[in-house]
Amino acid sequence: MLDSKSKSLLRRNLLKWFDVNQRDLPWRKKRSPYRIWVSEIMLQQTQVATVVNYYKRFMKRFPTVKKLAAADQSEVLKLWEGLGYYRRARQMHAAAVQVVEEHGGKFPTDFESVLALPGIGKYTAGAILSISLDQKLPILEGNTIRLYARLLEMKSDPRTSANQKVLWEFAESILPAKRAGDFNQALMELGSEVCKPKTWQCEACPIQKICPTFVKGLQSTIPAKGKKIAYEDLHEAAILVSKKISGQQKWLVRVCGSDERWTGLWDFPRYQIDHQKNETQICSNLGKTLAIKTGLKAKLEVVGKPIRHAVTKYRIRLSCYEAKSVSGRLKKQSTETRWCTAGELTELPMSITGRKLVNRFL
Ligand code: SF4
């Protein structure tokens with residue numbers, strides 16, 4: 001742990017550094033709990049540069065929590081399309097509804113009430129209230145975990161629950177009496193821009209003087225690496241089923257159900273492929289699956305090269321098939337299904353690979 005003199009230097013130097021070096025970001029202009037909440041949710045697992053335009057569009061359409069609560073979930077998902085981790089958008093919409101129902105449309109300002117909202121954990125609640133209202137609440141996320149671990153010369157894995165407890169206590173112990181919001185942002189900014197995982201810039205660091213990791217040259221070993229993610233390879237097929245309806249070419253799409261990867265987003269019929277089989281067998285099996293699931297019969301032909309895509313721990317190889325000579329009647333499906341023109345598909349919130357297929361083939 002740092003002594004009190006080092007902590008004072010940390011607060012002073014970090015705030016001074018932030019005053020000069022903070023990035024000009026749209027959510028820093030007007031800091032209301034609602035605006036900071038939206039930015040914090042978007043920034044989870046996503047780069048700042050990617051978030052900026054999504055944030056601006058989102059705030060333009062939903063400037064208040066009431067407007068967000070009143071929207072259809074599909075419109076929220078459409079604005080989120082391409083940002084990934086769609087659960088965040090669904091939970092945010094649910095939380096907005098809860099704010100309207102339980103708090104009269106005013107975003108709560110006490111820690112427990114904020115923490116009780118869907119999709120908000122201890123870090124996000126602390127970030128929202130400290131950044132928007134200067135409440136003295138600690139934060140701990142990816143960048144600050146690395147920064148604190150280096151300041152504490154923590155040699156073991158900082159993600160263990162014992163070490164998380166130490167880091168939360170440290171985060172609390174360094175908070176200044178005033179400007180807690182700026183201080184927390186400064187910590188995150190220093191972690192992301194200076195105290196980087198592999199390309200740390202200690203020569204530009206305002207707290208180099210109190211950093212034992214710098215003094216001992218341990219940056220490459222702190223923080224200790226956690227367990228590697230065990231990736232799972234999946235081979236899937238998307239089927240472009242189309243027919244002429246009232247003189248217009250339309251494609252069959254469906255909403256992904258609550259137990260599926262892209263819940264609430266639209267996608268083409270999609271099935272697993274047994275990669276042990278050859279292409280003729282795969283086409284035949286997929287044709288049978290399509291008939292069982294939808295009632296539609298068709299001859300399938302592979303089109304284009306597979307799309308490769310990673311989602312959480314899955315590495316997906318998605319092959320695309322075109323359904324020819326479609327016959328039969330569409331059975332009632334477990335989730336909403338539509339025949340859409342290419343134009344209508346641009347309006348729907350689609351899975352990332354579904355959108356790629358639209359852009360590539362339609
Ligand atoms: Fe990180 Fe280097 Fe600064 Fe220490 S001196 S906090 S290792 S950037």
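Pro158 versus (1) without any contact (Cβ under 8 Å) to a residue 40 or more places away in the chain; (2) within 22 Å of Ala186 (Cα to Cα): which is the lone unmet condition? It is condition (1) that Pro158 fails. Looking across segment 21-56, the residues that are of a type outside the set (A, V, I, L, M) and not in a helix (DSSP H, G or I) come down to Gln22, Arg23, Asp24, Lys29, Lys30, Arg31, Ser32, Gln44, Gln45, Thr46, Gln47. Scanning segment 27-47 turns up at least one residue that is within 30 Å of Thr353 (Cβ to Cβ), acidic (Asp, Glu) and touching a Ser or Thr at 6+ places or on another chain (Cβ under 7 Å).
Comparison of Ser156, Ser173 shows that the only residue that is farther than 16 Å from Leu2 by Cβ, modelled with pLDDT of 95 or more and among the small types (Gly, Ala, Ser) is Ser156.
Kindly indicate which of Lys56, Lys66 is in the same structural domain as Lys122 (by TED's automatic domain parsing), more than 20 Å from the chain's Cα centre (by Cα) and either of a type in the set (Lys, Arg) or loosely packed, with under 15 Cβ neighbours inside 10 Å (or both). Only one candidate passes the filter, namely Lys66. Return yes when Glu189 is surrounded by 13 or more Cβ atoms within 10 Å (Cβ to Cβ), within 16 Å of the ligand (Cβ to nearest atom), outside any loop (DSSP other than H, G, I, E, B) and charged (D, E, K, R) and no when it is not. In short, yes. If the condition is being touching a Phe, Trp or Tyr at 6+ places or on another chain (Cβ under 8 Å) and either over 16 Å from Ala125 (Cβ atoms) or not assigned by TED's automatic domain parsing to the domain that holds Val38 (or both), then segment 83-100 contributes Leu83, Tyr86, Ala89. A single entry from Gln281, Gln276, Gln272 fulfils the requirement of being farther than 17 Å from Tyr321 by Cβ and among the polar types (S, T, N, Q): Gln276. Given the options Lys198, Lys209, name the one that is in the same structural domain as Val48 (by TED's automatic domain parsing), surrounded by fewer than 20 Cβ atoms within 10 Å (Cβ to Cβ) and either more than 10 Å from the ligand (Cβ to nearest atom) or free of Cβ contacts under 8 Å to residues at least 12 places away in the same chain (or both). Selected residue: Lys198, the only one of Lys198, Lys209 that is in the same structural domain as Val48 (by TED's automatic domain parsing), surrounded by fewer than 20 Cβ atoms within 10 Å (Cβ to Cβ) and either more than 10 Å from the ligand (Cβ to nearest atom) or free of Cβ contacts under 8 Å to residues at least 12 places away in the same chain (or both).
All conditions but one from (1) open to solvent by less than 30 Å² (accessible area, probe 1.4 Å); (2) within 12 Å of the ligand (Cβ to nearest atom) apply to Gly181; the one that does not is (2).
The conditions of being within 11 Å of the ligand (Cβ to nearest atom), farther than 21 Å from Glu40 by Cβ and polar (S, T, N, Q) are not met by Thr160.
For segment 309-337, the tally of residues that are open to solvent by 80 Å² or more (accessible area, probe 1.4 Å) and touching a helix residue (DSSP H, G or I) at 6+ places or on another chain (Cβ under 8 Å) stands at 1.
The values are calculated or read from the model by the stated rules, or taken from the named source; none is laboratory data. Note that the coordinates shown come from a computational prediction; the quantities given were computed from them, not determined experimentally. Quick reminder, even Gly has a Cβ in these numbers, built from the backbone with ideal geometry, and neighbours come from all protein chains shown. Quick note on the areas: whole protein, heavy atoms, side chains included, nothing else; ligands and nucleic acids left out. Shrake-Rupley method; radii C 1.70, N 1.55, O 1.52, S 1.80 Å.
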